[in-house]
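Asker: My structure is below; once you've seen it, I'll send some questions.
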Amino acid sequence: MRKSLALGFGLAAALVATVALARPPGPDEIGEFYFYFDANGNEVGHAQLSCSGVYTESGVRTANYSAGHMICPPPRD
């Protein structure tokens with residue numbers, strides 16, 4: 001019984017790790033943005049890390065995406 005339970009937990013952990021690794025990329029730098037598209041080329045989601053460091057995301061992430069960088073003003077001291 002304990003072996004079955006341990007095996008079940010191990011398989012569940014492996015599945016969670018696989019799903020987390022399979023997620024399409026998103027912004028990880030200030031000013032970076034991504035647009036995500038379905039198979040027909042329609043936009044289905046977007047994510048961005050604004051110049052002020054605010055992260056926003058909506059819709060869904062897909063394997064079809066386009067990425068870019070905003071032109072951020074230099075920080076004021």
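Asker: Among the residues of the range 45-61, write down those that are part of a loop (DSSP other than H, G, I, E, B) and farther than 30 Å from residue 75 by Cβ.
Answerer: Of everything in the range 45-61, just one residue is part of a loop (DSSP other than H, G, I, E, B) and farther than 30 Å from residue 75 by Cβ, namely 60.
Asker: Inspect the range 36-44 for any residue being surrounded by 14 or more Cβ atoms within 10 Å (Cβ to Cβ), at pLDDT 95 or above and in a loop (DSSP other than H, G, I, E, B) and give the result as yes or no.
Answerer: Checking the range 36-44: not a single residue is surrounded by 14 or more Cβ atoms within 10 Å (Cβ to Cβ), at pLDDT 95 or above and in a loop (DSSP other than H, G, I, E, B).
The values are calculated or read from the model by the stated rules, or taken from the named source; none is laboratory data. Predicted, not measured: the structure shown is a model, and the values here were computed from it. Quick reminder, even Gly has a Cβ in these numbers, built from the backbone with ideal geometry, and neighbours come from all protein chains shown.
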